[in-house]
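Visitor: Once you've had a glance at the structure underneath, I'll fire off some questions.
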Amino acid sequence: MDDKIIADLRPKITDYLKENYSEDMLKESERVAVDLNDMYHYGMFEFIEFIEDEPKEAINLLKECYYDAYHIYRGEKADCTVTIKNLPLVINKNSRGNERTIEDIKGKTHGKLVEIEGIIVMATKIKLALKEAVHICTACGEKRRTKIERPFQANFDPVCPKCAQNMTLLEDESAYVDFQELKIQQPLDLMEDPEEPPKFISVLLEDTPGIYCGRVKVTGIPIKNQKNKNIPLHDLLILGYNCEPVSEKLDVSFNEEEIEQFETLAKNKDVLNILSRRIAPQIKGNDIIKQSIVLQQVRGVKKGRKRADSHILLITDPGTGKSDVLRFISGIPGNVYSSISTASGVGLTAGVVQERTEIGDSTWVIKPGVLVKANGGTACLDELTVERSVLSYILEAMESQTIHISKGGLNTKLPAGCSILAACNPKYGRYDNNVAVIEQINIPAPLLSRFDLIFPIKDTPNRNRDSDIAYHILDTHIALMDNSKNEEIGLFSETIDEIKVDFDFFCKYIAYARQKTPKFTKESKEVIHDFYLNLRKTSVQITARQLEALVRLSEAHAKVRLKSEVEPEDAKFAIYLMIESLKEVAYDPETDSFDIDKIFGTSRNERSKLNIIFDIIKRSSKVAYGGMITRGDLLTEAQLEGIPELEVIDLIGKLKVIGDIYEPKLGFYKDARA
């Protein structure tokens, strides 16, 4: 740009910064990111044109103007980093007229200013990079200053121009900046074809406070990096000026018409069913499970360290459509899908590994896993199995919603504030109501206890239901090719109260409902209080974890109805879901009651019988010859206590597995603790 135009621009930019960034100057902010979109709408068109054509020169001018404005405002020299963010669309659009994405970074963008979004898949620790080198000649005292424009620039000791001697670097007088390298992946929602493999690009950041996970917006310039000097090929990287976290929450901007539609639908008493029908509509049935998932997506109310997210586990017979449900939910912005059968424990949480970076060194890097990537959303975990080595990390993520890692000089806590929607198949093919949940799946008890709701999905023959499912599958195939059939069965959308309810509407309604913060009324509090006490005063074992789950589900139900208060109706529905879940996994037919312990292998009733059998063996061991009791005597005494023979044999086996008793010789039992 012409020097005269730049000279004319300087006072305009200085005045603009003094007027709009006085708060940063007052606070002495260490890092100031100037919003270019605001400058564009303010009318600074010439500067925007300048930064598009000559980004480096324009950014340097912006820095100088900020320092001038700071000096005018405070009467002293500024000591801060000045950078840019939020490019206007007019200088950051692709051939389709949309904002640039990672797949748009090609040769024609080299040297241009770009802004892209990505999800961090690798991050190095913070290092020091030489920004301005000061060398001195030890022979004649000649000094030389060299600006380092990019990390790849060789750090060599130059030859003195006066006496031809090698010069030495003066580290104290040289300038260094914090440096970090990231690798980011293009988010699926920004890919032109989501079926294609995701695109990646490396980002080099200077003067960065450090960022290790999440979705980010990067502002920078694509530069070349030639890894092999003998081959004329270059990789494109982004030399980043700014990198900021981006919220992965659903779109929270709604127009008046949409808000009116939300409020109208919320008045429909069937609103939860209407929304739940949008979840994997090609899958017939499982209404309670779909309703629970809607509440999970809406969430409870966040209160300090109390989590608002609900965790749901589906234990499914083969062919019941669990993967379709999980993939559907992962399509909601901010949610992530992963099949654990193809992922490692590190891939589930986070890992610190050694990797060669773009600048050529081997260093420790952080690789965020699924739970970290799903921060703010839902982690949809298919084929869930958990290695013991990562159990503590997952427990931390589910309860405190963070993952702490410390390795290779990297010590950080990564956010993992997500709901978990997990699914797995029973180990023995099909779910068995007569076998404890813990014995049918490869999930440890401590992890299992963190799920708010557990639902088996069983494939049991039922003529009427099977007929409905068959017709629905056939109608779905026809509807995919016949729009009139699609409208008839409401596969992709249905019209309720003149409102078209489709996937986009579903997502927006969820986002709108999340904004609500309903509070418990005295009446609704009493409903949950009484339910909890009534279960606790019986022989039933229900814990405070279930109580907190009821609170979250009640709040979510009120939010679905767009209410400002949690009413008794909401609390009763949460209780209904809890009972339906417990019916499937914690019902003890012998006592005709619920028992949480049954999920983990031993109900309270069974534990009582185990104690009776053990006490008989222990008592007999003290008086019998050799400290042993025969099987016959044990069966006789147990029957006097009301325990049938077949059940005694089963209980003996469990006591042996636990290690409380052992069988020194066939048909003789002894107290292993004695």
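No value in this document is a laboratory result; all are computed from the given coordinates. Just so it is clear, the structure is predicted and the values come from calculations on it, not from any experiment. Neighbour counts are summed over all protein chains in view; Cβ atoms, including those assigned to glycine, are modelled from backbone coordinates with ideal geometry.
Visitor: Between Lys12 and Glu523, what's the calculated FRET efficiency when r is the beta-carbon distance and R0 is 60 Å? Round to 0.05.
Guide: After rounding, the FRET efficiency stands at 0.45.
Visitor: With +1 on each Lys and Arg Cβ and -1 on each Asp and Glu Cβ, how big is the dipole of region 3-89 about its Cα centre, in debye rounded to the nearest 20?
Guide: 200
Visitor: Once amide H atoms are built 1.01 Å from N in the peptide plane, which residues 5 or more positions from Thr402, or in another chain, come under 5 Å H to H?
Guide: Residues meeting the criterion, in which the H sits 1.01 Å from N, are Ala397, Ala416.
Visitor: Considering amide H positions built from the backbone, and no H for Pro or chain starts, which residues 5 or more places from Ser339, or on another chain, come under 5 Å of its amide H?
Guide: Asp382
Visitor: Continuing with the same structure: Sequence gap at least 6, Cα distance under 8 Å: using those rules, report the relative contact order of region 3-89 to the nearest whole percent.
Guide: Reported as a whole number, the value is 45 percent.
Visitor: Can I ask one more? Which value at 222 nm does the chain reach when only helices count, each DSSP H run of 4 or more adding -39,500 (n - 2.57), with the total divided by all residues and rounded to the nearest 500 deg cm²/dmol? List each step's numbers first, then the result.
Guide: On the way: 22 runs with 249 residues, N = 674.
Value at 222 nm, helices only, nearest 500: -11500 deg cm²/dmol.
Visitor: Another one. Spelling out what I want: for every residue of region 411-417, take phi, set θ = phi - 60°, compute 6.51 cos²θ - 1.76 cosθ + 1.60 (Karplus), and round to whole Hz; glycine and proline get x.
Guide: 10, 8, 10, 9, x, 9, x
Visitor: Find the centroid of the Cα atoms in region 265-294 and in region 19-88, then give the distance between the two in whole Å.
Guide: Value for the Cα centre distance between the two parts: 50 Å.
Visitor: Next question. Among Val372, Pro444, Val90, which residue has its Cα positioned farthest towards the positive end of the charge dipole of the chain, with +1 placed on the Cβ of Lys and Arg, -1 on the Cβ of Asp and Glu, and the dipole taken about the Cα centre?
Guide: It is Pro444, whose Cα lies furthest towards the positive end.
Visitor: Here's something else I'd like to know. First measure r as the distance between the Cβ atoms of Lys27 and Arg145, then evaluate 1/(1 + (r/R0)^6) with R0 = 45 Å and state the FRET efficiency to the nearest 0.05.
Guide: Taking R0 as 45 Å, the efficiency between Lys27 and Arg145 is 0.90.
Visitor: So how far apart, in nm, are the two label points at Gln515 and Phe492 if each is 7 Å from Cα heading toward Cβ?
Guide: The modelled label-to-label distance comes out at 2.8 nm.
Visitor: Turning to a different aspect of this structure: Label-point separation (nm) for Lys665 and Gln639, each offset 7 Å from Cα along Cα-to-Cβ?
Guide: 2.5
Visitor: Where the only charges are on Cβ atoms (+1 Lys, Arg; -1 Asp, Glu), what is the dipole of the chain about its Cα centre, to the nearest 20 debye?
Guide: 2140
Visitor: While we're here: Quick query: amide H of Ser174 versus all other amide H atoms, modeled in the peptide plane; which residues come in under 5 Å with a sequence gap of 5 or more or a different chain?
Guide: Val134
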